[in-house]
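Visitor: One structure is given below, represented as structure tokens, and several questions about it will come after.
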Amino acid sequence: MNIKNIIEAALFAANGPLSIMEIQDLFLLEDRPDKHLVRKAIKDLKEDYSAKSIELVEVASGYRFQVKSEYSSWLARLWEEKPVKYSRALLETLAIIAYQQPATRGDIEEIRGVAVSTNIIRTLQEREWVRVIGHKEVPGRPALYATTKEFLDYFNLQTLADLPPLASLLEIDLSANQDLQLNLGDETPPIKTEPIQDEKESLSKPTTESIQ
Amino acid sequence: MNIKNIIEAALFAANGPLSIMEIQDLFLLEDRPDKHLVRKAIKDLKEDYSAKSIELVEVASGYRFQVKSEYSSWLARLWEEKPVKYSRALLETLAIIAYQQPATRGDIEEIRGVAVSTNIIRTLQEREWVRVIGHKEVPGRPALYATTKEFLDYFNLQTLADLPPLASLLEIDLSANQDLQLNLGDETPPIKTEPIQDEKESLSKPTTESIQ
Amino acid sequence: MQMENTSDNVAPIQQTLALVDGQPYKDLPEDLYIPPDALEIFLETFEGPLDLLLYLIKHQNLDILDIPVLTITEQYIEYIELMQHLRMELAAEYLVMAAMLAEIKSKMLLPKKSDEQVEEEDPRSELIRRLQEYERFKRAADDIDAMPRLYRDHYLAAAEWAIEKMEKPPPDVELNSILMAFQDVLKRAEKYSHHQILREPLSVRERMSHILMVLSEGVEEFVAFHQFFMLNEGKSGAVVTFLAILELSKEGLIDIIQGEPLSEIWLKPIID
């Protein structure tokens, strides 16, 4: 029995991603393949499936087989429930935790300008997208939230760096822009603020079609 | 996109075997393949996978991919390692069904304040602790869940009335003789007080797998 | 400011938001004054005051820094009385925002002392900074929502594994852990009065399940009322059964039918 077949069987049976180490652990110590061999087998498997309707991908916690996204519209009919549509409040909270982690509830509220409902935090924790990784040493010792590997796995990411870049703040001289909608009076001294630069558009975005 | 690829994707994505009819239902009426075509595609798929470590087989309720039995001994090792634990969401759902039966999913969601995942209900049904005893005659005809005799047996109860009455449950101190882990609040684990760790480290820390 | 170029995601603008006094309410606010009748609707449409301000800047060309302070203040004070019926916390956040705008306005109106050389920070910059910061994360949230994800854009490809069930024993559960989980639910639910938790004794709820089960599994469409009463259960058993039948009927789960006075009473599940 060759290594590639065993890895293939394990990936289909695992019901979740397998890391290189977990794959190595399938084997008894004396026949354990080294990392290099495992990677080679994975590479071969990827090629074997390239023409099929499933693909072998790497996500944060390892490798998994998944159905190629172009088939998702057919599969939606297999599942009675529609995919969950998350509220803006939940997505904004998740975005703040993802980009600003570790973040306290106060940090989230500061950015959003409204109180964060306990339900949202609980839903994020139940989905295992977010967890408490410690407490901030300030009065009240608020919990510090961070995203999990499961979050990355769910969104097909390998690391946080794969998230779309956050729009950056650019310093520009406000007084030069007369067409601003935030009209400033004549007597005001020029102030420096930093409007958002729409740089994301120029950067690569995931091109995969997503079916809503 | 050809029929064979779509069927292949569906068989991999489905949670169980698919019958010929279920496969036909994946397609819109106007492109629905007849039985003959579906069988032909299945036959071709069987051949495609003959040299692989999984096979397409027919079981009582339809067709499914399964790992060839000669790989079992390798997979066993993968399986043994992770201790399983039920999620808090599952325990809460079970408790609500026990105390509020017959209860619909909506009832559970209303009390818990968050959506109940299908996996949780399925796990409880597979464990034979919960079953559907009817449907509520309201739009959508939601299933009514109740606990089973197996549930009572497992927890050594003669009847549900052996559970503490709802009214007194709030006053009982359950934590006295039990594992504190279970008392985790929403976001403040009583025990965890360690300062923030390096983010990568805490993300990669192995946690016990919790199944839903 | 470039914010107005960004895509708008205040979704329900085109639709009727709700009925206010029987009239469909179609419009989002054009300025900071929100008709009190519609306040609750707007509180739900926007994620908060920052979201509302961003919307006003982008869609209504509102100069948020040049608002009629007196009018707005008076209007917002009106809300304080109304807030008893609304979500206090959220309404309070809008008031804080109104106060902040008023403060900015008043600072802008103060004459600058000519001899003062110290550069003071423009009172508006803090607000602009917060709006920008919020806008960034609004967009990040949209980006995350658009990312391909499991069970919408991708599905795991899995194959059955024949021996899995006998290999992996299901986890053990202590009864206590279930009770504690439920205790937590109750504590949480107590904070929200609209979550009603029924207070029937458990024996009644158990009997309700039993009766429904018998009714749904039975071959006959109707089952005689008396069949649910067991002699060996005595009086208390009869009471439990009776209460269970009443509760099932109240919850609309069964029909109780009697052809004519004093004749047999039949139970029928309200299902097909």
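Any read-out appearing in this document is the output of simple, stated calculations on the displayed coordinates, not a laboratory observation. From a predicted model like this one, the values you see are computed outputs, not experimental measurements. Please note: Cβ atoms are built from the backbone with ideal geometry, for glycine as well, and neighbour counts cover all protein chains shown.
Visitor: Taking θ = phi - 60°, what integer Hz values does the Karplus form 6.51 cos²θ - 1.76 cosθ + 1.60 yield along region A:129-145, in sequence order, with x for Gly and Pro?
Guide: Once rounded to whole Hz, the list reads 8, 9, 9, 7, 10, x, 10, 7, 7, 10, x, x, 6, x, 5, 9, 9.
Visitor: Which loop GluC sites (Glu not before Pro) in region C:233-272, with loop taken from DSSP, have no more than 15 other Cβ atoms within 10 angstrom of their Cβ?
Guide: On the way: sites: C:233, C:247, C:251, C:264; in loops: C:251, C:264.
Answer by residue number: C:251, C:264.
Visitor: Dipole size in debye (nearest 20) for region B:1-142 around its Cα centre, Lys and Arg Cβ +1, Asp and Glu Cβ -1? Walk me through the numbers before you get to the answer.
Guide: Details: 21 positive and 21 negative charges, 49 e Å.
Rounded to the nearest 20 debye, it is 240 debye.
Visitor: Would you mind ranking C:150, A:91 so that the residue whose beta carbon has the fewest other beta carbons within 10 Å leads the list?
Guide: C:150, A:91
Visitor: At what distance in nm do the modelled label points of residue A:30 and residue B:141 sit from each other, each positioned 7 Å from its Cα along Cα→Cβ?
Guide: 6.1
Visitor: Please list, ordered by chain and number, the residues whose modelled amide H lies under 5 Å from the amide H of residue A:117; skip anything fewer than 5 residues away on the same chain.
Guide: Result for residue A:117 returns nothing.
Visitor: What are the residues whose amide H is under 5 Å from the amide H of residue C:155, where those residues sit 5 or more places off or on another chain and H is modelled from the backbone?
Guide: Placed amide hydrogens put A:67 under 5 Å from residue C:155.
Visitor: Output wanted: per-residue J couplings in Hz (rounded whole) for region B:150-167, from phi through Karplus 6.51 cos²θ - 1.76 cosθ + 1.60, θ = phi - 60°, x for Gly and Pro.
Guide: 4, 4, 4, 4, 4, 9, 6, 10, 7, 9, 4, 5, 6, 6, x, x, 3, 4
Visitor: May I ask you to compute the full-extension gain from residue A:21 to residue A:85, defined as 0.36 nm times their residue separation minus their alpha-carbon distance, rounded to one decimal in nm?
Guide: Details: separation 64, 0.36 × 64 = 23.04 nm, distance 3.49 nm.
The residue A:21-residue A:85 span can extend by a further 19.5 nm.
Visitor: Taking amide H positions as placed 1.01 Å from N in the peptide plane, with prolines and chain starts having none, which residues 5 or more places from residue C:265, or on another chain, fall under 5 Å of its amide H?
Guide: Close amide H contacts, sequence-distant or interchain: C:225, C:226.
Visitor: Based on the Cβ-Cβ distance of residue C:175 and residue A:117, what FRET efficiency does E = 1/(1 + (r/R0)^6) give at R0 = 22 Å, to the nearest 0.05?
Guide: For residue C:175 and residue A:117, the calculated efficiency is 0.10.
Visitor: I would also like to ask the following. With each pseudo-label sitting 7 Å past Cα toward Cβ, what's the residue C:108-residue B:61 distance in nm, one decimal?
Guide: 6.6
Visitor: Mind checking A:88-101 for the average number of partner chain beta-carbons within 10 Å of each residue's beta-carbon? Please report the intermediate quantities before stating the final value.
Guide: On the way: counts 10, 4, 2, 8, 12, 2, 5, 10, 6, 0, 4, 4, 2, 3.
Across A:88-101, the average partner-chain Cβ count within 10 Å equals 5.
Visitor: I'd like the distance separating the alpha-carbon centroids of region C:239-265 and region A:54-105, in whole Å.
Guide: Taking the Cα centre of each part, region C:239-265 and region A:54-105 sit 48 Å apart.
Visitor: Quick one: which of A:85/C:138; A:136/C:107; A:46/B:46; A:43/B:46; B:40/B:68; A:52/B:40 span more than 27 angstrom between C-alpha atoms?
Guide: Values: A:85/C:138 16 Å; A:136/C:107 35 Å; A:46/B:46 20 Å; A:43/B:46 24 Å; B:40/B:68 22 Å; A:52/B:40 17 Å.
Going by Cα-Cα distance, A:136/C:107 fall outside the 27 Å limit.
Visitor: Mind ranking C:219-227, B:67-75, B:96-104 by how tightly packed they are, going by the mean number of other C-beta atoms within 10 angstrom, highest first?
Guide: B:96-104, B:67-75, C:219-227
Visitor: Which order do the peptides C:202-208, A:39-45, A:111-117 take when ranked by the mean count of other beta-carbon atoms within 10 Å per residue, highest first?
Guide: Numbers: C:202-208: 23.3, A:39-45: 16.4, A:111-117: 20.0.
With the highest mean Cβ count within 10 Å placed first, the list reads C:202-208, A:111-117, A:39-45.
Visitor: Now, a different point. Quick one: if you stick a label point 7 Å off each Cα along the C-beta vector at residue C:187 and residue C:59, how many nm between them?
Guide: 4.2
Visitor: Return the average number of partner chain Cβ atoms within 10 angstrom of each residue Cβ along peptide A:62-70.
Guide: On the way: counts 0, 0, 5, 7, 11, 11, 6, 6, 5.
What the average comes to for A:62-70 is 6.
Visitor: Apply the Karplus curve 6.51 cos²θ - 1.76 cosθ + 1.60, θ = phi - 60°, to the phi angles in region B:24-35 and return the couplings in whole Hz, x for Gly and Pro.
Guide: 4, 5, 5, 9, 5, 3, 6, 10, 5, x, 7, 3
Visitor: Please give the average number of partner chain Cβ atoms lying within 10 Å of the Cβ of each residue in C:263-269, rounded to a whole number. Write out the running numbers ahead of the final one.
Guide: Numbers: counts 0, 0, 0, 0, 0, 0, 5.
Other-chain Cβ atoms within 10 Å of each residue's Cβ, averaged: 1.
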